[in-house]
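The values are calculated or read from the model by the stated rules, or taken from the named source; none is laboratory data. None of these values were measured; they are calculated from a predicted model. All Cβ positions, even for glycine, are placed from backbone atoms using ideal geometry, and neighbour counts span all protein chains on display.
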Amino acid sequence: MPPIIYIPETSSTNTYLKEMICNQEVEEGTIIATHHQLAGRGQKGSSWEAEKGKNLTFSLLLKPDFVPIMEQFIISQMVSLAIHDVLSQYTSDVAIKWPNDIYWREKKICGILIENILGEEKIDNCIVGIGLNVNQEEFLSSAPNPISLKQITNQDYDLETMLTFIQLKMLRCYKALSDGRGEEIVKGYKSYLYRKDGYHLYADGEQNIEARIADIQSTGYLVLETLEGEIRTFAFKEVKYVM
Ligand code: BTN
């Protein structure tokens, strides 16, 4: 297996891995992990809270040169599905909230920040950053709805064992993708979607809309069908889930 390299302390494992690949050859599947991430980065320019020594904060390197740039969302789907499947070994009620948050019931247990370094026509390097709340018991930041595995199950977990398990699962799912079994990934992703069934409230920036998830396109766009039967398509950031 590719190495899992532990850095005692770093600002962000995504930034660390990005700098590393500029300076040396790094094997695909390598993971950079830290027990103390000082300035974890989240989606939409947010920060990621993780108490020292309590959670998994790591970045995995992929080189998916077989994935067309227009279809890069399949990587988000693959990563979400792998994390979903690992967490489902520890607890039930895990779901994937479009595009790539991992939820337990109505709360966020894992965040994913994927940063692609594009070549002329392909993805040269893909940095998959994952923050998984494992043993933390209290969250202090303004993040709206965090939860950890310990808060769900009342147990502590060995972080290094869990990370080895995640690396294995992730590389298996990635192999399925590179072997041309992307359809299985898409099917799995869609079947575990948060709010997969029924009508729920969303906000499109101007107003709340009651709608159901009709599809997720291969571009990553969310397709909603409103109560009135109107089909609307949204990119990430164009629509919010009203909780
Ligand atoms: C989100 O906002 O949901 C994404 C959070 C991603 C956090 C992880 S922690 C490891 C990696 N390094 C970072 O700086 N961010 C990601």
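If you check PRO8 against the conditions, is it at pLDDT 95 or above, surrounded by fewer than 21 Cβ atoms within 10 Å (Cβ to Cβ) and either among the small types (Gly, Ala, Ser) or over 25 Å from LYS150 (Cα atoms) (or both)? So PRO8 does not fit the description; no. In the stretch 46-78, of all residues being within 16 Å of the ligand (Cβ to nearest atom) and of a type in the set (Lys, Arg), the one that is surrounded by the most Cβ atoms within 10 Å (Cβ to Cβ) corresponds to LYS54.
In the set (1) modelled with pLDDT of 95 or more; (2) farther than 17 Å from PHE236 by Cα, the condition left unmet by PHE73 is number (2). Of all the listed residues (LYS169, LYS175, LYS196, LYS190), the sole one being within 21 Å of the chain's Cα centre (by Cα) and assigned to a loop (DSSP other than H, G, I, E, B) is LYS196. Exactly one residue out of SER92, SER88, SER141 is touching an Asp or Glu at 6+ places or on another chain (Cβ under 6 Å), on the phi < 0 side of the Ramachandran plot and either surrounded by fewer than 22 Cβ atoms within 10 Å (Cβ to Cβ) or among the β-branched types (Val, Ile, Thr) (or both), and it is SER141.
What about LEU193, is it within 21 Å of VAL94 (Cβ to Cβ) and either out of contact with any Gly (no Cβ under 8 Å at 6 or more places or on another chain) or surrounded by 15 or more Cβ atoms within 10 Å (Cβ to Cβ) (or both)? Yes: the conditions hold for LEU193. Count of the stretch 8-45 residues, restricted to those that are within 11 Å of the ligand (Cβ to nearest atom) and touching a residue at least 24 places away in the same chain (Cβ under 8 Å), is 21. Filtered by the rule that a residue be in contact with a Leu (Cβ under 9 Å, 6 or more places away or on another chain), of a type in the set (Asp, Glu) and not in a strand (DSSP E or B), the stretch 210-243 gives GLU230, GLU238.
Would you tally the residues in the stretch 213-243 being of a type outside the set (A, V, I, L, M, F, W, C), without any contact (Cβ under 8 Å) to a residue 60 or more places away in the chain and surrounded by 15 or more Cβ atoms within 10 Å (Cβ to Cβ)? Here the count works out to 4. Here SER142 fulfils each of the conditions (1) within 13 Å of the ligand (Cβ to nearest atom); (2) modelled with pLDDT of 95 or more; (3) over 16 Å from the mean Cα position of the chain (by Cα) apart from (2). Among the residues of the stretch 79-112, those that are of a type in the set (S, T, N, Q) and within 13 Å of the ligand (Cβ to nearest atom) comprise SER80, ASN100.
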